[in-house]
Amino acid sequence: MKAFGILDKPLGRYGMIEMNNSLLNKIDSGFWQNKKVFLTGCTGFKGSWLSLILLNLGANLKGYSLEPETQPSLFDICELNKHSFWTIGDIRDKQALEKQLVDFQPEIIIHMAAQALVLRSYENPIETYETNVMGTANLLESCRSVSSVKAILNITTDKCYENKEWSWGYRENDELGGYDPYSSSKACAELITKAFTQSFFNPEKYEQHGICLASARAGNVIGGGDWANNRLIPDAAKSFSEGKELVIRCPASTRPWQHVLEPLRGYLMLCEKMYKEGGNYSGAFNFGPSENNVCTVKEAIDEFVRLWGEDAAFKISDSENSLYEAGLLKLDISKVQKHLGWKPQLNFSETLKITADWYKFFYSGNLTAIKDFTLKQISENL
């Protein structure tokens, strides 16, 4: 079985993890060896998982992010906070951001830093727009001063689409929009990405500038290590671990449930293509689950309760939700299937089981082994 990767000496205790043989044709582990990768938002939920993967692939990783926002955080419990790859920084600070980019001279940039919560965007819309809109503009403008850059991937969301509540999946060329500040800020980030592509990184002039710019849209990602407020699965795991009854809202809302490792695998595959084939992979790409993974909130929590066991229970809130939330949203993933060969690997039950297993292991109190448990899930499911 081929090795998935070995961390550099500062994290040598992580040792070696191996990839599932059936997935060896998905991520080219050799490609990432010593690649200089700049990752914004490395302390977040998805950013922490991706940091672990990239370090284990042997990438020369530079993280740029604020301190972890939650306690606990996946970044801390996996001891990524002890590694020198990370610099504390705010993407709203263009001068500081550009200095880090110029000093590091990355080849690949993955932009994950964001205010990523719908409900928080209602509470603080200005912060949301400053981070998601101007933060993206700051990054893309700064990249124009860094000659080493070959690929820039901007991670947005499925919520960037103008949600018409229709039953088929949104395609990359469908209308952008957004009811709430978070969704509209991500639509704005997509428009900024498109404008920079057309103005400065035009694929038709790739031989002149040498930079491929793309965006990746994924939705409703779940997995161990997410402790953001008002998130169904993290709230369920915490409630069940404490023997409390979970209260849910919007049970009929339909979501595309996918494990965090699914889109991360897609992002890495896309970055490889962007680096090797340049302007051919410019543009937007959807990464969503299979049709069978599109289920209601109640269906998801019913399955999570079954998997958790131990008298886990929930009830539906009697009070009305005063803030708008999308009722139905799913993605058409035919573009990435055709051009990347990417497709979801985990079905609905597997997605929730892997997530439940992680939280049950964490809440069992065996914190010294949680890092190894997380790496094991990566090796088995990436």
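Can you name every residue in the range 171-192 that is touching a helix residue (DSSP H, G or I) at 6+ places or on another chain (Cβ under 7 Å) and either more than 26 Å from Trp49 (Cβ to Cβ) or outside any loop (DSSP other than H, G, I, E, B) (or both)?
If we filter the range 171-192 for residues that are touching a helix residue (DSSP H, G or I) at 6+ places or on another chain (Cβ under 7 Å), which is where we start, we get 172, 176-178, 180-183, 185-190, 192.
Within the range 171-192, Leu176, Gly177, Pro181, Tyr182, Ser183, Ser185, Lys186, Ala187, Cys188, Ala189, Glu190, Ile192 qualify.
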For residues that are touching a helix residue (DSSP H, G or I) at 6+ places or on another chain (Cβ under 6 Å) and either at positive phi or surrounded by fewer than 22 Cβ atoms within 10 Å (Cβ to Cβ) (or both), tally how many sit in the range 63-76.
1
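Against the definition (at pLDDT below 95, closer than 20 Å to Cys271 by Cβ and of a type outside the set (Asp, Glu)), how does Phe85 come out, yes or no?
On the way: at pLDDT below 95: yes; closer than 20 Å to Cys271 by Cβ: yes; of a type outside the set (Asp, Glu): yes.
The answer is yes for Phe85.
Among the residues of the range 49-70, is there at least one that is of a type in the set (Ser, Thr, Tyr), touching a residue at least 40 places away in the same chain (Cβ under 8 Å) and in a helix (DSSP H, G or I)? Even if it seems obvious, please write down each step before you answer.
Initial filter on the range 49-70 (of a type in the set (Ser, Thr, Tyr)): 51, 64-65, 70.
Next cut, touching a residue at least 40 places away in the same chain (Cβ under 8 Å) only: 64-65, 70.
Subsequent filtering for residues that are in a helix (DSSP H, G or I) retains none.
The answer is no, given that none of the residues of the range 49-70 is of a type in the set (Ser, Thr, Tyr), touching a residue at least 40 places away in the same chain (Cβ under 8 Å) and in a helix (DSSP H, G or I).
How about the range 121-148: which of its residues are out of contact with any Leu (no Cβ under 8 Å at 6 or more places or on another chain) and part of a loop (DSSP other than H, G, I, E, B)? Can you show your working first?
From the range 121-148, those out of contact with any Leu (no Cβ under 8 Å at 6 or more places or on another chain) are 121, 123-137, 141, 144, 147-148; that's our starting set.
The answer is Asn124, Arg144, Ser147, Ser148.
Taking Val305 as the residue in question, decide whether it is in contact with a strand residue (DSSP E or B) (Cβ under 8 Å, 6 or more places away or on another chain), of a type outside the set (Gly, Ala, Ser) and buried (at least 21 other Cβ atoms within 10 Å of the Cβ).
Numbers: in contact with a strand residue (DSSP E or B) (Cβ under 8 Å, 6 or more places away or on another chain): yes; of a type outside the set (Gly, Ala, Ser): yes; buried (at least 21 other Cβ atoms within 10 Å of the Cβ): no.
No, not satisfied.
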Please verify whether the range 123-146 includes one or more residues that are hydrophobic (A, V, I, L, M, F, W, C), surrounded by fewer than 17 Cβ atoms within 10 Å (Cβ to Cβ) and touching a residue at least 12 places away in the same chain (Cβ under 8 Å).
no
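If you go through the range 3-35, how many residues are part of a loop (DSSP other than H, G, I, E, B) and either modelled with pLDDT of 95 or more or basic (Lys, Arg) (or both)? First the steps, then the outcome.
At the first step, the residues of the range 3-35 found to be part of a loop (DSSP other than H, G, I, E, B) are 7-8, 15, 19-20, 24-28, 33-35.
Checking which are either modelled with pLDDT of 95 or more or basic (Lys, Arg) (or both) leaves us with 26, 33-35.
Residues in the range 3-35 being part of a loop (DSSP other than H, G, I, E, B) and either modelled with pLDDT of 95 or more or basic (Lys, Arg) (or both): 4 in total.
If a residue must be of a type in the set (D, E, K, R) and in contact with a helix residue (DSSP H, G or I) (Cβ under 6 Å, 6 or more places away or on another chain), how many such residues does the range 93-152 contain?
From the range 93-152, those of a type in the set (D, E, K, R) are 93-94, 98-99, 103, 107, 120, 123, 127, 130, 141, 144, 150; that's our starting set.
Okay, now just the ones that are also in contact with a helix residue (DSSP H, G or I) (Cβ under 6 Å, 6 or more places away or on another chain), so 94, 98, 150.
Residues flagged as of a type in the set (D, E, K, R) and in contact with a helix residue (DSSP H, G or I) (Cβ under 6 Å, 6 or more places away or on another chain) within the range 93-152 amount to 3.
Can you tell me which of Phe38, Phe75 is in a helix (DSSP H, G or I) and aromatic (Phe, Trp, Tyr)? Explain how you work it out, then say what you get.
On the way: Phe38 fails: in a helix (DSSP H, G or I).
Phe75 is the lone residue from the list that is in a helix (DSSP H, G or I) and aromatic (Phe, Trp, Tyr).
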Read through the list (1) surrounded by fewer than 20 Cβ atoms within 10 Å (Cβ to Cβ); (2) among the aliphatic types (A, V, I, L, M); (3) at pLDDT 95 or above, then give the number of the only condition that Leu323 fails.
(3)
Starting from the range 208-236, keep only residues that are within 16 Å of Gly266 (Cα to Cα) and of a type in the set (A, V, I, L, M), then list their pairs with residues that are in a loop (DSSP other than H, G, I, E, B) and at pLDDT 95 or above whose Cβ atoms are within a distance under 8 Å, requiring at least 6 positions of separation or different chains.
Leu213/Phe201; Leu213/Ser282; Ala214/Ser282; Ala216/Thr156; Val221/Val260; Ile222/Val260
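Quick check: is even one residue across the range 94-105 in a loop (DSSP other than H, G, I, E, B) and either within 19 Å of Pro181 (Cβ to Cβ) or basic (Lys, Arg) (or both)? Can you show your working first?
Applying the first criterion (in a loop (DSSP other than H, G, I, E, B)) to the range 94-105 yields 105.
Narrowing further to those that are either within 19 Å of Pro181 (Cβ to Cβ) or basic (Lys, Arg) (or both): none.
For the range 94-105, residues in a loop (DSSP other than H, G, I, E, B) and either within 19 Å of Pro181 (Cβ to Cβ) or basic (Lys, Arg) (or both): absent.
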Every listed condition ((1) surrounded by 22 or more Cβ atoms within 10 Å (Cβ to Cβ); (2) in a loop (DSSP other than H, G, I, E, B); (3) not polar (S, T, N, Q)) holds for Lys164 save (1)
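The values are calculated or read from the model by the stated rules, or taken from the named source; none is laboratory data. What you see is a predicted model, and the numbers here were worked out from it, not measured in a lab. All Cβ positions, even for glycine, are placed from backbone atoms using ideal geometry, and neighbour counts span all protein chains on display.
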